[in-house]
Amino acid sequence: MVERIQLVCSLCKFRTFYEDQMHSHLESKFHKEHFKFIGTKLPNKTSEFLQEYILNKCRKTEDRRKTVEDINAAIQQIQKDQDLTLDIGMEHFVKKVEAAHCAACDLFIPMQYAILQKHLKSADHNRNRKATMEQSKKTCLVVARSILNNKLISKKLERYLKGEDPFTEEAEKEDQEGEGAKEAKEGGEGEGEKTEENVEGGDETAEVKEEEEGGEETIQEPTEELDQTITEEDGKAEDAEGDEEEEETEAVE
């Protein structure tokens, strides 16, 4: 249920159950800064496609949410299920409390205005948040490449570069059927089965791998290769592209 109704911006690692919060995120400086960074590493059209991809995912989630009879009740139930303190007896004197978590400083802060403001204005926080922002952008680029390496999404990118709308129901169905037929013909059962709907898990795997293996070097490794693959706006190297994408997908996964 969480996956069906939670709105996600996988590039910024932003998740919310509330549509107004998602709309605010998409217009935020944080989101725009990340796409600005992606625009310096990938072709403009590819960057534009990723923006459309995120918007399309949000639209699909909003459509699914409309099929839920009482969305607010569903959200409350999810939050209740996630509260592990409900099963702890009062004799343990443990209860759920609200706190702010600063990921940049890896610190939990009491939900009190004065304490929050003091932290936000501290020298340590401002130094840490700048470094974390740069790392976040690099991770965002890794996720973007992982998304583009997905077979179904790479087909959508091809359509987009040709000036077509790859997000219509007809185009999506065509791509899925084409990919299914190709896998059946090649006997590649279990290979490349990541659909557009579950590519999210792969993105997170890429992020973790990138962070574990030391950041910048891991990002730079596939950069040249992938840029050649993505920069196909001139229509060259189409045959070589398929093999190259499969190799890179396996590397990311």
(request) Hey, can you tell me all the residues within segment 13-39 that are assigned to a helix (DSSP H, G or I) and of a type in the set (Lys, Arg)? (result) Lys29, Lys32, Lys36
(message) Checking the condition in contact with a Phe, Trp or Tyr (Cβ under 7 Å, 6 or more places away or on another chain), over 17 Å from Ser146 (Cα atoms) and crowded, with 17+ Cβ neighbours inside 10 Å, which residue from His31, His25 passes?
(response) His25
(request) All but one of (1) out of contact with any strand residue (DSSP E or B) (no Cβ under 6 Å at 6 or more places or on another chain); (2) open to solvent by 90 Å² or more (accessible area, probe 1.4 Å) hold for Arg15, so report the exception by its number. (result) (1)
(request) Given the conditions (1) open to solvent by 60 Å² or more (accessible area, probe 1.4 Å); (2) at pLDDT below 90; (3) of a type outside the set (S, T, N, Q); (4) not in a helix (DSSP H, G or I), report the number of the one that Ala184 does not fulfil. (result) (4)
(request) Go through segment 96-127 and count every residue that is part of a helix (DSSP H, G or I) and open to solvent by less than 60 Å² (accessible area, probe 1.4 Å). (result) 5
(request) Restrict the check to segment 128-137 and report whether at least one residue is more than 26 Å from Gln6 (Cβ to Cβ), open to solvent by 40 Å² or more (accessible area, probe 1.4 Å) and within 19 Å of the chain's Cα centre (by Cα). (result) yes
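The values are calculated or read from the model by the stated rules, or taken from the named source; none is laboratory data. What you see is a predicted model; the values in this text were computed from it and never measured. Neighbour counts are summed over all protein chains in view; Cβ atoms, including those assigned to glycine, are modelled from backbone coordinates with ideal geometry. For accessibility, only protein heavy atoms count, side chains too; no ligands or nucleic acids. Shrake-Rupley method; radii C 1.70, N 1.55, O 1.52, S 1.80 Å.
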